[in-house]
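Accompanying notes for the structure given below.
The values are calculated or read from the model by the stated rules, or taken from the named source; none is laboratory data. Remember, it's a predicted structure, so these values are computed and weren't measured experimentally. With ideal geometry, Cβ positions are generated from the backbone for all residues, glycine too; neighbour counts draw on all protein chains shown.
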Amino acid sequence: MVLKAKTADYTIKAGDFGAVFTNEGATGAVIFTLPAAASTTRGAWVEVFVTDAQNVTVATATTDTLAVDGDAAADSIAWSTGSHQIGNSARFICTGTIWLCQLYPAATTTTLATQTIATA
């Protein structure tokens with residue numbers, strides 16, 4: 001497994017599959033963009049882990065291709081609730097047509113209250 005810290009917006013590429021991304025060292029918001037889901041990316045995965053108290057968003061390259069927390073057609077997920085960002089993470093797995101989001105919420109009294117899911 002490779003650990004990659006990003007402090008600015010970043011588009012994930014095929015060579016990044018299997019890596020864990022963080023926002024370590026970021027002084028502002030970071031947006032990670034997943035590539036378009038395709039048969040060639042079926043089974044690919046990445047993880048994103050929030051390590052610094054900055055907003056982190058994971059968005060899909062194409063709309064309505066993220067399945068997360070009861071929404072099968074989301075566009076993004078963000079950790080932007082102050083004091084609840086650090087420690088949140090998720091794994092993103094490509095099925096070939098959509099990206100699945102497996103949440104690993106930080107240990108809090110409200111497990112999903114720290115994520116914002118957006119759909120166009």
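General remarks:
- In this entry, V58 passes the filter for residues that are modelled with pLDDT of 95 or more and touching a Phe, Trp or Tyr at 6+ places or on another chain (Cβ under 9 Å).
- Residue match in region 6-20 (condition: closer than 15 Å to T119 by Cα, assigned to a strand (DSSP E or B) and not β-branched (V, I, T)): no
- Contact annotation: residue pairs with Cβ atoms under 8 Å, 6 or more positions apart or on different chains, pairing a residue in region 43-66 that is aromatic (F, W, Y) with a partner that is surrounded by 15 or more Cβ atoms within 10 Å (Cβ to Cβ) and part of a strand (DSSP E or B), are W45/R91; W45/F92; W45/I93; W45/C94; F49/V20; F49/F21; F49/T22; F49/S89.
- Scanning region 33-43 for residues that are buried (at least 17 other Cβ atoms within 10 Å of the Cβ) and of a type in the set (A, V, I, L, M) yields L34, A37.
- Candidate set from region 44-92 (those that are among the charged types (D, E, K, R) and within 19 Å of K4 (Cβ to Cβ)); member that is surrounded by the most Cβ atoms within 10 Å (Cβ to Cβ): E47
- Just one residue in the set A67, A59, A90, A78 is farther than 23 Å from A8 by Cβ, in a strand (DSSP E or B) and either under 15 Å from the mean Cα position of the chain (by Cα) or not β-branched (V, I, T) (or both); that residue is A67.
- Positions within region 94-120 being of a type in the set (V, I, T), modelled with pLDDT of 95 or more and buried (at least 18 other Cβ atoms within 10 Å of the Cβ), in sequence order: I98
- Qualifying positions in region 36-56 - outside any loop (DSSP other than H, G, I, E, B) and either within 15 Å of the chain's Cα centre (by Cα) or closer than 22 Å to A26 by Cβ (or both): W45, V46, E47, V48, F49, V56
- For region 21-32, the candidate set comprises residues that are part of a loop (DSSP other than H, G, I, E, B) and surrounded by 19 or more Cβ atoms within 10 Å (Cβ to Cβ); within that set, the residue that is nearest to the chain's Cα centre (by Cα) is N23.
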